[in-house]
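Right, one structure below, let's go through it.
The values are calculated or read from the model by the stated rules, or taken from the named source; none is laboratory data. Values in this document were obtained by computation on a predicted structure and should not be read as measured data. Every residue, glycine among them, receives a Cβ derived from its backbone with ideal geometry; neighbour counts consider all protein chains shown. Areas reflect the complete protein model, heavy atoms only, side chains present, ligands, DNA and RNA absent. Shrake-Rupley method; radii C 1.70, N 1.55, O 1.52, S 1.80 Å.
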Amino acid sequence: MDRPEQEKAGAAVLERPKGKAKNNNNGHKNGANGAAADVELSLVLATLQSMRDGDFSVRLPGNWTGMSGKIADTFNEIAATNQQMSQELKRVGQAVGKEGRTRERIRLQQSRGAWGEMGVSVNTLTDDLLRPTVEVTRAIAAVAQGNLAETVRLDVDGRPLEGEFYAPQKLLIP
């Protein structure tokens, strides 16, 4: 993602201080190039610390080249994926938890490895938490319409309810 794309996406692009030369010596510290390498590393550190502290909007400059450019691009991709995950969790939390749109699930652009596993885990958790709620709601709606023979299933997809989802000894009504 180059700089204009980063700015459109709401990313905070940290800049190298003006007047400093760019590191073109592969990290060897001597003279102006060594100072530039220190400045670049300081910028990388500050950006990493911002992300560590939960600011997924930060990005490194998209115009760096060579090894620094590869590091910046990789960091920016990781930050963008974290930012998208955060936005999706917020969106689905609002949609499901507050608005009652129980079919909403997170959708991630990056689905490789653990990124995909996190998406599947959150969506599976949402499904597992909603099934008993939907079942109880179905039974209450039937009783409200006069069908007193309606029961609540005590299993989900053939698996018995467990833990706090299955508490026949505790009455929900005082």
Q.
Residues to consider are 152, 120; find the one that is open to solvent by 90 Å² or more (accessible area, probe 1.4 Å) and either farther than 30 Å from residue 40 by Cβ or acidic (Asp, Glu) (or both).
A. 120
Q: Check off (1) open to solvent by 50 Å² or more (accessible area, probe 1.4 Å); (2) at pLDDT below 85; (3) among the charged types (D, E, K, R); (4) in contact with a strand residue (DSSP E or B) (Cβ under 9 Å, 6 or more places away or on another chain) for residue 157 and give me the number that stays unchecked.
A: (4)
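Please go through the stretch 53-107 and pick out each residue that is part of a loop (DSSP other than H, G, I, E, B), open to solvent by less than 70 Å² (accessible area, probe 1.4 Å) and either hydroxyl-bearing (Ser, Thr, Tyr) or touching a Ser or Thr at 6+ places or on another chain (Cβ under 6 Å) (or both).
Initial filter on the stretch 53-107 (part of a loop (DSSP other than H, G, I, E, B)): 53-57, 60-65, 99-107.
Going one step further and asking which of them are open to solvent by less than 70 Å² (accessible area, probe 1.4 Å), we end up with 54-57, 60-62, 64, 100, 102, 104-106.
Once the filter is applied, which keeps residues that are part of a loop (DSSP other than H, G, I, E, B), open to solvent by less than 70 Å² (accessible area, probe 1.4 Å) and either hydroxyl-bearing (Ser, Thr, Tyr) or touching a Ser or Thr at 6+ places or on another chain (Cβ under 6 Å) (or both), the stretch 53-107 yields 56, 57, 60, 102.
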Q: Select from the stretch 5-41 the residues that are open to solvent by 70 Å² or more (accessible area, probe 1.4 Å) and at pLDDT 80 or above and list them in ascending order.
A: 41
Q) Which members of the stretch 108-138 meet the condition of being touching a strand residue (DSSP E or B) at 6+ places or on another chain (Cβ under 9 Å) and not in a helix (DSSP H, G or I)? A) none
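Being aromatic (Phe, Trp, Tyr), under 27 Å from the mean Cα position of the chain (by Cα), open to solvent by less than 60 Å² (accessible area, probe 1.4 Å) and at pLDDT below 95 is the requirement here; does residue 115 meet it?
Details: aromatic (Phe, Trp, Tyr): yes; under 27 Å from the mean Cα position of the chain (by Cα): yes; open to solvent by less than 60 Å² (accessible area, probe 1.4 Å): no; at pLDDT below 95: yes.
Spelling it out, it is not the case that residue 115 is aromatic (Phe, Trp, Tyr), under 27 Å from the mean Cα position of the chain (by Cα), open to solvent by less than 60 Å² (accessible area, probe 1.4 Å) and at pLDDT below 95.
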Q) Identify, please: which residue in the stretch 129-165 is touching a helix residue (DSSP H, G or I) at 6+ places or on another chain (Cβ under 9 Å) and among the acidic types (Asp, Glu) and is, among those, farthest from residue 85 (Cα to Cα)? A) 150
